[in-house]
């Protein structure tokens, strides 16, 4: 089987995965104890004719299989429906458009920090094994990895809030004045051209948005940064000791070419699934950090929807999450097929 | 009021660490997450919403930094809002903003429990107290420039009763009991028949409203924002037009509810970005005075984030979650007649000392007993060992008020709450009397080898659990073995309704500020769980309580004296006390504590304290903001 056939097969296999995941979502939200009528009316009024009327209006009294097919059809055709509780009547699309940019902004920077700090450090440590700098970097990686997000976030918020009293340096007014908590202003995203046409206003805004997201991004990126560092180091060590590197060295390949051409590319292979796996940061992993920094993003929306029994919103968000996860997995397979020619060839 | 058996008016409160109530429990208030929310009559939804732990809090806010810092604006915080449609909002977060944008006929000034005229210039009642005629204030305009007329109110009330988006139609149809007709809904039920509401515009400035039965709290009900005026036809010719095809609200409705609400209040809507912030600005043509430029709310759900936000002086009012709350930092300077305490709190983390005040809210948490299953000596033993004062101090760090009556202090007949409790509470006022508990159990034939077993069922709440453990240990000495069991809230209610509970925990928040709203819970015939419309699960009857008849008779007196007259009020007040005392005798409800509202604010903000209806009912147009430091 060629590797493109392999990729195609992975693509087709993802369809039943999406259907299965969506079905499980339906089962959890419809068969579970969530009662949207109670959420809308208040718990004391979950019984009685008013609640029955509301359930009928919401279509909760139809047979379950009918609800299931309606739900699946709506999802597959991207008819995501309206929120019932959180913002009654607002389309799920609109809510996602409001909440998602912050989470993406946060996720973007946290992945970036992990990539551009974790991987170089790991490679550096791997190229200089068992030196003092290797130990420092490795130990640092373990510490970053070990600090729980929620703890680090709370400490960081507290310290930054009181930075003037504690370390005599005021974070809030440094460079540009920003609050420690609350979401950054992302107005420039809708008009990226303003960065050129109106630089005096939009650049400070961009700077403010980056500064404001930085602590949260560091917290969120910290554990994957540690991860990538450790794995990068191991991968480099493994490659550098392999026979073909030995051979290359023997035939006189310069050190620079050796590292960039032979070591770097091969060491990247085990890192690919780690990096794509970080896509989860964009979803579940950010809920805690978003909460502590009061960045009300998509994780917050999902959590609110879940605890308030906003069934259509929970279902729609879950469906989108499933698509994102399956999508990143496909992307990972794609990268594999590109980076590693061995993938997909049937050994037998 | 009329028909007290209406299930739809129930207001059970769930005090979990996760809910509003809890917050209240935690004594919190002021605001944000439901904080004071508890104070609101219409706040049932609060109990389901939001965040975690017993935070507490307040309306914090954003001062500054990036938001431009118009020093004239109040900078506050809020929790997640759902809608700005007055008839659709059930949560306090939305209510807080709606209160600023919309006005009603009557108003609770600063959230106090007595009402005053707002859009009504004056009113008259007929001799039988069933017909109310309101004359509107002249020269009031909506934010869209239209003049307020009686037709606007007819439209608004019709929406409240009949809009498919209305979640408070029972306020006008049942609680207030405005005359109307019903029709079959095609499913065997009855629904309101559109256009039959007993509210008429006599002329442009006069409204006539007819009730099915006289009701003492008519004006109080009209002060809820659900009864607010919106311009005629603002969201459709008739309420039925608000729903488009497929059961989704129309575009016009969505706009009104999220981006273009129009009222007559002191503030005009400016922005609301979901999950981020909301802002209203002073309405220049307001008939009254607006002493500040507007109000900005930052939406923050997490109590810790909220705390940091306040400590960074981003808000004028700060929030102190229970974990950061230190009772020794409070110094109370004075206390007024309604139990409000004023003083300071601090120094806080940022070195500043904040102003402080607290007020009891219309909210009571209690332990209920299924009297059919739990013998009277056991119930009395519970009452003897319970020391409300220490419970509040130990479990809530003092952020609650000990409860001896079911009726909260602000609405207790004749303001006599404290005196009556001190003089007459039979089970030791602020005392834990384990000896008496043991004695009453021994007289009933129980002893160390013959322990009485009782099941304590509570919803998921760390505070109730802590209390349960304290009680369990104390009751051990009184020959009672108590098993603690937790159940989800809905399960608890369901089992209660089926009569399957023994001792259980619940709370009640007022629909209207009078004692009968609370005391209906202990009207013995309405506690019979074999009836579908039981509103509490006591099964109180003469078979299991000596005072059941006294309570029944007293409720009879209340029901016969519902009119808003002094003599009827006098009769009701006496009956209320009778009922409280009957409950003391038989211990159907063991009252534990009342929620309180607290506010911590910086010196540069000058704002009136609020009352028992809660801070979310306070309008901010009289607050002034000085220079922030």
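Would you mind giving the mean number of other chain beta-carbons within 10 Å of the Cβ of each residue in A:305-317, as a whole number?
Per residue, the average neighbour count from other chains is 1.
Ignoring everything except DSSP H segments at least 4 long, calculate the 222 nm mean residue ellipticity for chain A; use -39,500 (n - 2.57) per segment, divide by total residues, nearest 500.
Roughly -21500 deg cm²/dmol at 222 nm, from the helical runs in chain A.
So, by mean Cβ neighbours within 10 angstrom, what's the order for B:354-361, A:21-28, A:169-176, B:617-624 with the highest one leading?
Result, highest mean Cβ count within 10 Å first: B:354-361, B:617-624, A:21-28, A:169-176.
Tilt of helix A:132-146 relative to the longest C-alpha principal axis of chain A, in degrees (0 to 90, nearest 10)?
For A:132-146 against chain A, the angle is about 10 degrees.
Measure nothing fancy, just the Cα-based angle from helix B:548-560's long axis to the longest principal axis of chain B, in degrees from 0 to 90, nearest 10.
Approximately 20 degrees, to the nearest 10.
Starting from the 7 Å offset along Cα-to-Cβ, what nm value, one decimal, do you get for the label separation of residue A:191 and residue A:250?
6.6
Taking each residue of A:82-88 in turn, how many C-beta atoms of other protein chains fall within 10 Å of its C-beta, and what is the average?
The per-residue average across the peptide is 6.
Need one number: nm distance between label points at residue B:498 and residue A:330, each 7 Å from Cα along Cα→Cβ, rounded to one decimal.
Result: 4.8 nm between the two label points.
Of A:102, A:56, A:265, which is the most mobile in a GNM of chain A whose springs link Cα atoms less than 10 angstrom apart?
Among A:102, A:56, A:265, the largest GNM mean-square fluctuation belongs to A:56.
Under the classification rounded if a/c is under 1.5, otherwise prolate if a/b is larger than b/c and oblate if not, where does the range B:470-516 fall, given a ≥ b ≥ c as square roots of the Cα gyration tensor eigenvalues?
It is oblate, given that a/c is not under 1.5 and a/b is not larger than b/c.
Rounded, prolate or oblate: which fits the range B:122-170 when a ≥ b ≥ c are the square roots of the eigenvalues of the alpha-carbon gyration tensor, with rounded for a/c under 1.5 and prolate only if a/b beats b/c?
Verdict is oblate for the range B:122-170.
How long is chain A along each principal axis, judged by its Cα atoms, biggest number first, in Å?
Principal-axis extents of the Cα atoms in chain A, largest first: 85, 66, 43 Å.
Hey, can you rank B:292-303, A:69-80 by average C-beta count inside 10 Å, highest first?
B:292-303, A:69-80
How would you classify the protein assembly as shown from its alpha-carbon gyration tensor, with a ≥ b ≥ c the square roots of the eigenvalues: rounded for a/c under 1.5, else prolate if a/b is greater than b/c, otherwise oblate?
Verdict is prolate for the protein assembly as shown.
How would you rank B:345-353, A:110-118, highest first, on the average number of other Cβ atoms within 10 Å across their residues?
Sorting B:345-353, A:110-118 by mean packing, highest first, produces A:110-118, B:345-353.
What per residue convex hull volume, in Å³, do the alpha-carbon atoms of chain B yield?
Considering the Cα atoms of chain B, their hull volume per residue is 141 Å³.
Quote the relative contact order of the range B:373-452 in percent (integer), defining contacts as alpha-carbon pairs under 8 Å separated by 6+ residues.
It comes to 44 percent, rounded to a whole number.
Under the definition of partner shielding as Cβ atoms of other protein chains within 10 Å of a residue Cβ, what is the mean value for peptide B:77-87?
For this peptide, the per-residue mean of nearby foreign Cβ atoms is 3.
State, as an integer percentage, the relative contact order of the range A:41-189 based on alpha-carbon contacts under 8 Å between residues 6 or more apart.
10
Rounded to the nearest 10 degrees, what's the angle between the helix A:199-240 long axis and the longest principal axis of chain A, both from Cα atoms, 0 to 90?
For helix A:199-240, the angle is close to 60 degrees.
What percent does the relative contact order of chain B come to when contacts are Cα pairs within less than 8 Å and at least six residues apart?
After rounding, I find 22 percent.
What FRET efficiency comes out for the pair residue A:58/residue B:255, r = Cβ-Cβ distance, R0 = 22 Å, nearest 0.05?
The value I calculate is 0.45.
Just from its helices, what would the mean residue ellipticity at 222 nm be for chain B, if runs of 4 or more DSSP H residues each count -39500 (n - 2.57) and the sum is divided by every residue, rounded to the nearest 500 deg cm²/dmol?
The helix contribution divided over chain B gives -7000 deg cm²/dmol.
With r as the distance between the Cβ atoms of residue B:419 and residue B:324 and R0 = 51 Å, compute the FRET efficiency 1/(1 + (r/R0)^6) and round to 0.05.
0.90
Throughout, read-outs are computed from the coordinates displayed, never taken from laboratory work. As the structure is a computational prediction, the values presented were derived from the model and not from experiment. With ideal geometry, Cβ positions are generated from the backbone for all residues, glycine too; neighbour counts draw on all protein chains shown.
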